[in-house]
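Visitor: Sharing a structure, written as structure tokens. Questions coming.
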Amino acid sequence: MSETPSAPAGTASAPAGTIRLTVAQALVRFLAAQHSERDGVRQRLIPGTFGIFGHGNVAGVGQALLQNALDPAPAEDGAPGEAATPAEARMPYYQARNEQNMVHTAVAYARTKNRLQAMACTASIGPGSTNMVTGAALATIDRIPVLILPSDVFANRAVDPVLQQLEDERAMDVTVNDAFRPVSRYFDRIWRPEQLIPSLLAAMRVLTDPAETGAVTICLPQDVQAEAHDWPAELFAERTWHVGRPVPEPAALDRALEVIRGARRPVVIAGGGAIYSEASAALEAFADATGIPVLDTQAGKGALSADHPLSVGGVGATGNDAANTLAAEADVVIGVGTRYTDFTTASHTAFRNPDVRFVNLNVKAFDAAKHAATMLVADAREGLGALQAGLAGWQAPAEHGARAKELRSQWEELVEPCFAPHDQELPAQTEIFGALNEMMGEDDIVINAAGSMPGDLQALWKARSPQQYHLEYGYSCMGYELPASLGAKMAAPESEVVAIIGDGTFQMAPQEIATIVAERIKVILVILQNHGWSSIGSLSESHGSQRFGTKYRMRDEDSGLLDGDKLPFDIPANIRSYGLEVQEVSDTEAFREAYRRAEASEEATAIVVNTNLYGPNPPGIGWWDVPVSAVSRLESTQAARARYEQDLAPQRHYL
Ligand SMILES: Cc1ncc(C[n+]2csc(CCOP(=O)(O)OP(=O)(O)O)c2C)c(N)n1
Ligand SMILES: [Mg+2]
């Protein structure tokens, strides 16, 4: 393993101006030379590769990564331009435990870097690769760049079927990796070495295009990875991909300005795009100049600091009453970098003004067009600046701003009791969130994705910086949180990174604790143990299904159902077995002390908090469309169906 490589076989005989490398070696060398730039700041585009090896990649990509680790900048075959130093040419390899997790880690890294950097992920063929499909879907839905490198079956078909090959008798070019097509923004398979050149260039463009970005997948057949080719030396020259800030088209800007000028009760909805574009200062200036209140989505929370008087917080199904009241009354909704998921629109019931119109500022025309909007296709920061300049002298009616502030302070009075101790044996998780929100610094990062927590956090959390609130709610993927903490911390080593993890989520994907330990990455894992799925349990109850199958219980011999004793599963012992420090607490004061210890520690720590399965959760007026059975023999379901039909009434298209 520590053996230093000799000059690549065949280098001497490579035609002039070419470098002889395998496909995998060329790939690694190319990736190490890519950079991104925005606002004059340049950085490595692909600063590392996560991987799990198998027969599909160990001798191809694995060998290339080894060679890079031992001798990243071979002197004998310099590419044009200044020779890269060994540090610049390095492609660090990080070993993961589960392929889905490693994509989550990569996504969290890229998100924390505001999409200016992305990680590569290499996996073996078959299950190793398809394990990444969920991570790829998450990346594409959340619009976060990640380079996925699944291994693939032999291009030469000499040994078919290779171990783990799917055979399709109608089409020999179909492999399991075709499952990546619908979840990737770019997809290719390299059947011949020379195909790699245009494919890599296309892939880098998609990764760095804010309107296109997401999972970028290049499948690498096992034999092709190891094949040698004479590559044009220019392929390996340093390259910079400029991340654009498209400006609004003047006529589109005029149309948007006209709609906004006619508004009496406008609101802004800030989505993730406002954060990735680093548009916070522009958003604040826009709100100050126009007096328009700002509501936020799960991805956009913190784009405007919660301390700003016009920041009204979360809108939609899990939004707060103040934001949802303003949304219901709004005549003009200015969406900034939002996809308008059903959580944001409360399943198309949030906006109740019959004449509501939308102005959507989005770098992606697809999103700008939603709800028959007046489209403003542009970068969020550029677009907000242009809108502010065009609206100079115009302000929303003063009584509208005053109402927003009044509603905001009414809501704040409701937040306090959610954060304060409840009179019950185990704490409500909202108490833990209150303690965290108070103790975590502005630049620290809280991570969550699924369970009952996103709703509570969306309603209650006060994010004071664009980086602090890291909620993955496009795919709401259980299992994102823990590996994501690793990626976020790698991207922001100065920040305290806290993953809030439900017990159900923990059981789905604890494996990356081993990677956290191996890489000595200091994160804080807060596991909320409530012995089941609080979220789906309350959804089940409110929808007439009586919490069926949502608790973690032994199968009872009499009832035949999963409603016996709690499971003996010991989460602290499980975490300890990975070599991680664990504290277990059952009240909020003890949690505060545990958090202080975790903060003071140099190493990663887990805090397991025993919480109440039944909350309580914050009050709210948002609604979410989850259809209830139209016919049923159960009274609970019949009653829920009647409520459901009433709740559906305000649902509409915005045209
Ligand atoms: C991978 C995945 N599977 C299933 C779901 C559906 N789901 C959403 S929340 C949830 C339960 C989460 O349980 P836990 O982590 O204990 O959080 P709690 O609900 O108790 O707050 C489930 C099964 C999901 N979001 N992601
Ligand atoms: Mg739970």
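Visitor: List pairs: first in segment 465-476 and farther than 8 Å from ASN448 by Cα, second within 16 Å of ligand 2 (Cβ to nearest atom), Cβ under 6 Å, 6+ apart or cross-chain?
Guide: Hits for this filter: TYR473/PRO454; SER476/ALA449; SER476/ALA450.
Visitor: Restricting to helices (runs of 4 or more DSSP H) lying wholly in segment 492-561: which have 3 or more residues that are small (Gly, Ala, Ser)?
Guide: 534-542
Visitor: If you scan segment 535-547, which residues turn out to be touching a Leu at 6+ places or on another chain (Cβ under 8 Å) and either over 16 Å from LEU634 (Cα atoms) or among the aromatic types (Phe, Trp, Tyr) (or both)?
Guide: Answer for segment 535-547, where residues must be touching a Leu at 6+ places or on another chain (Cβ under 8 Å) and either over 16 Å from LEU634 (Cα atoms) or among the aromatic types (Phe, Trp, Tyr) (or both): just GLY537.
Visitor: Need the failing condition index for ASP288 against (1) closer than 22 Å to PRO397 by Cβ; (2) in contact with a Gly (Cβ under 6 Å, 6 or more places away or on another chain), just the number.
Guide: (2)
Visitor: Now, a different point. When segment 108-150 is examined, which residues are found to be of a type in the set (Gly, Ala, Ser) and outside any helix (DSSP H, G or I)?
Guide: Across segment 108-150, the qualifying residues are ALA118, ALA120, ALA123, SER124, GLY126.
Visitor: In segment 533-546, which residues are near ligand 1 (Cβ under 8 Å from one of its atoms) and either β-branched (Val, Ile, Thr) or touching a helix residue (DSSP H, G or I) at 6+ places or on another chain (Cβ under 7 Å) (or both)?
Guide: Within segment 533-546, TRP533, ILE536 qualify.
Visitor: Same structure again: Could you check segment 444-480 and list, in sequence order, the residues that are surrounded by fewer than 23 Cβ atoms within 10 Å (Cβ to Cβ), within 10 Å of ligand 1 (Cβ to nearest atom) and closer than 27 Å to THR325 by Cα?
Guide: Within segment 444-480, PRO454, TYR475, SER476 qualify.
Visitor: Let me spell it out: the conditions are (1) more than 16 Å from ligand 1 (Cβ to nearest atom); (2) assigned to a loop (DSSP other than H, G, I, E, B); (3) surrounded by 24 or more Cβ atoms within 10 Å (Cβ to Cβ), and LYS489 meets all of them except one. Which number is the exception?
Guide: The one condition LYS489 does not meet is (2).
Visitor: Tell me, please, whether a residue that is buried (at least 24 other Cβ atoms within 10 Å of the Cβ), of a type in the set (A, V, I, L, M, F, W, C) and in contact with a Ser or Thr (Cβ under 6 Å, 6 or more places away or on another chain) can be found in segment 345-353.
Guide: Looking through segment 345-353, none of the residues is buried (at least 24 other Cβ atoms within 10 Å of the Cβ), of a type in the set (A, V, I, L, M, F, W, C) and in contact with a Ser or Thr (Cβ under 6 Å, 6 or more places away or on another chain).
Visitor: Restricted to segment 511-528, and to residues that are of a type in the set (A, V, I, L, M, F, W, C) and crowded, with 22+ Cβ neighbours inside 10 Å, which residue is nearest to ligand 1 (Cβ to nearest atom)?
Guide: In this case the residue turns out to be LEU528.
Visitor: Related question: Residue under question is LYS462, and the condition is that it be among the basic types (Lys, Arg) and either without any contact (Cβ under 8 Å) to a residue 60 or more places away in the chain or within 16 Å of ligand 2 (Cβ to nearest atom) (or both); does it hold?
Guide: no
Visitor: Also: Please indicate, with yes or no, whether at least one residue in segment 105-122 is small (Gly, Ala, Ser) and surrounded by fewer than 23 Cβ atoms within 10 Å (Cβ to Cβ).
Guide: No, the conditions are met nowhere in segment 105-122.
Visitor: Another one. Which residues, counting only those in segment 537-575, are of a type outside the set (Ser, Thr, Tyr), under 26 Å from the mean Cα position of the chain (by Cα) and more than 9 Å from ligand 2 (Cβ to nearest atom)?
Guide: The answer is LEU539, ILE571, ILE575.
The numbers here are math on the coordinates, done by the rules we state, and not lab data. Everything numeric here is computed off the predicted structure, so don't read it as measured data. Because the Cβ atoms are built from the backbone with ideal geometry, glycine has one as well, and the counts that use them run over all protein chains shown.
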